[in-house]
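The values are calculated or read from the model by the stated rules, or taken from the named source; none is laboratory data. Nothing here was measured: the structure is a model prediction, and the numbers come from that model. In this analysis, Cβ positions are derived from the backbone assuming ideal geometry, glycine residues included, and neighbour counts consider all displayed protein chains. To get the accessible areas, we keep the full protein, side chains included, count just its heavy atoms, and leave off ligands, DNA and RNA. Shrake-Rupley method; radii C 1.70, N 1.55, O 1.52, S 1.80 Å.
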Amino acid sequence: MMFPAQLKVLRKTLHCRNIVCCLPVLNKNSYSRLVLGIETSCDDTGAAVLDETGKILGESLHSQTEVHLRTGGIIPPVAQQLHRENIERVVQEALGRSNVHPSQLSAVATTVKPGMALSLGIGLEFSQRFVRQHNKPFIPIHHMEAHALTVRMLHPVAFPFLVLLVSGGHSLLAVARGVDDFLLLGQSLDVAPGDALDKVARRLSLTKHPQCSTLSGGQAIELLAKDGDRMKFPLTTPMGKSNDCCFSFSGLRNQITMIIIKKEAEEGIEEGTLLSCVNDIAAATQHTVATHLAKRTHRAILFCKANNLLPSNNPTLVVSGGVASNQYIRKALSLITEREGLGMLCPPAKFCTDNGVMIAWNGVERLREGIGILSPNVDVYYEPKAPLGVDMTEEVRAAGIKLPRVKLEIPS
Ligand code: KG4
Ligand code: ZN
């Protein structure tokens, strides 16, 4: 037997939904280094094989976006069924394209938290069967940790750095101090920015727009905003009075819905018909989301400076998650980082949205550090809700940092 010999005496405890299990951890230098990563936490079935340097040997991705656009949003059992139908093929494709046999893998890394329960379950069930069949170590992955670390596959960014993660399921600001060491400075109090953009896009019926029929809500808003005038619909930036780094997007969504209802009445059209002013509404929406993200990030930077949480040499803001592929939002954030003397790094769009590569890379990072590597026969449970790191949101609020006035003039 290969694994008992490699098991460290060290045992870590993992809290999974009130169950506390004792987990053996494998020795960090006892095998060669190719990692298969598997992602199914939301609506993308992704797999990739990476070597230890971050070279992508092969990858495969099945996106469910078009199906969910047709059904008007993600229906969890539908997402689950699509993951079930595709996971075997996606993993085989990634292995085939990399010319790697399962026996050559050093470990399998899979997203187990946070995410949609039914979706996480498919990836986890598949992975546990796979690692047992091939007798391989298993590395459970936190989806947001993976988004935060992806950048290190492409640039040599040293810890600590500030990270803004903005996706369909999350928005958070954190200081990344190590592979599994994060200080959470702020997060969304209600919905995520991607979710708000998706719902605004749906309320505007953008799938009926000839240029947007296959685009996600966020992509459609970005495209239409290019030809829009944001000044036609001045919106209130959320949480103007609270001096913390948390986010809120549901009030903004309501403001926009009220505008849409008013314009439909003015134009004499029913819900489900395209308004003539979709570009202007898209531009106003995108600008307000960008402004909100920029202001919270600005406060996070000032908090980090006041508490020496970032290096004085080359401090960096990393921005990732699906919404980070938005160029206008990137520009807004870069105005803040330039002003405050930080560098800004964003992975290319295809690595900002969910994929198997980022999960495999997180597996490589954990393998290198010898963190959270489990024997194949350990039972692992998925966790739909899972915070990232140590919660500092109260400390940030207590600091009550006021922002200087910054005018965000962003060419669209
Ligand atoms: O990270 P991701 O692929 O999945 C989650 O973990 O949620 O992010 C998907 C989200 C969707 O809400 C989508 O509308 C948004 O990212 N998104 C964008 C853009 N591309 C994708 N939002 C704004 N601008 C974009 N270009
Ligand atoms: Zn994601």
Past the 23 Å Cα-Cα mark, which pairs from 113/241; 113/350; 232/407; 199/263; 295/350?
-> 113/241; 295/350
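How much of the accessible area of region 31-174, in percent, comes from carbon and sulfur atoms when a 1.4 Å probe is used? Could the numbers behind the result be given before it?
Details: 2610 of 4960 Å².
Carbon and sulfur atoms account for 53 percent of the accessible area of region 31-174.
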Residue 180: accessible area at probe 1.4 Å, nearest 10 Å²?
-> 80
For residue 345, which sequence-distant residues (separation of 5 or more, or a different chain) have an amide H within less than 5 Å of its own amide H, given hydrogens modelled in the peptide plane?
-> 317, 318, 319
Note on the chain, DSSP bridge orientation, antiparallel percent to nearest 5 equals 65
Starting from the Cα-Cα distance between residue 402 and residue 229, subtract it from 0.36 nm times their residue separation and give me the gain in nm to one decimal.
-> 59.3 nm
Please report, in debye to the nearest 20, how large the charge dipole of the chain is about its Cα centre when each Lys and Arg carries +1 at its beta carbon and each Asp and Glu carries -1 there.
-> 780
Spacing of the two label points (7 Å from each Cα toward its C-beta) at residue 189 and residue 313, in nm | 4.1
So which residue, out of 387, 210, 77, gets the largest mean-square fluctuation from a GNM of the chain using Cα contacts under 10 Å as springs?
-> 210
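Would you calculate a helix-derived [θ] at 222 nm for the chain, using -39,500 (n - 2.57) for each DSSP H run of n ≥ 4 and dividing by the full residue count, to the nearest 500? Let's see the in-between values first.
Numbers: 14 runs with 168 residues, N = 412.
Computed mean residue ellipticity for the chain: -12500 deg cm²/dmol.
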Could you state how much accessible area residue 55 has, in square angstrom rounded to the nearest 10, with a 1.4 Å probe and all protein chains kept in place?
-> 120
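From largest accessible area down, sort 325, 213, 320; use a 1.4 Å probe on the protein chains.
Values: 325 30, 213 60, 320 0 Å².
Sorted descending by solvent-accessible area, the residues read 213, 325, 320.
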GluC sites (Glu not before Pro) lying in DSSP loop within region 232-328, provided at most 12 other Cβ fall within 10 Å = 270, 271
Can you pull the percent of region 239-320's accessible area that's carbon plus sulfur, 1.4 Å probe, other chains left in place?
-> 48
Of 87, 401, 139, the most mobile residue in a GNM of the chain (C-alpha springs, cutoff 10 Å) is 401
Chain lengthening between residue 214 and residue 75 when straightened (0.36 nm per residue, less Cα-Cα) = 48.3 nm
Order by accessible surface, 1.4 Å probe, largest leading, for residues 134, 147 comes to 134, 147
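Just the number please: accessible area per residue for the chain, 1.4 Å probe, all protein chains included, in Å². Kindly include the intermediate steps, with their values, before the conclusion.
Numbers: 17430 Å² over 412 residues.
Heavy-atom accessible area per residue stands at 42 Å².
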Quick one: accessible surface of residue 181, probe radius 1.4 Å, all protein chains present, in square angstrom to the nearest 10.
-> 50
Using a 1.4 angstrom probe with every protein chain in place, what is the largest-first accessible-area order of 132, 230?
-> 132, 230
Please give the peptides 152-160, 297-305 ranked by average Cβ packing (other Cβ atoms within 10 Å per residue), highest first, as a rough proxy for protection.
-> 297-305, 152-160
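Ranked highest first by the average count of other Cβ atoms within 10 Å around their residues, in what order do 345-351, 80-86 fall?
Values: 345-351: 17.1, 80-86: 19.0.
Averaged packing, sorted descending, gives the order 80-86, 345-351.
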Distance in nm between residue 306 and residue 125 label points, each 7 Å along Cα→Cβ, equals 4.9
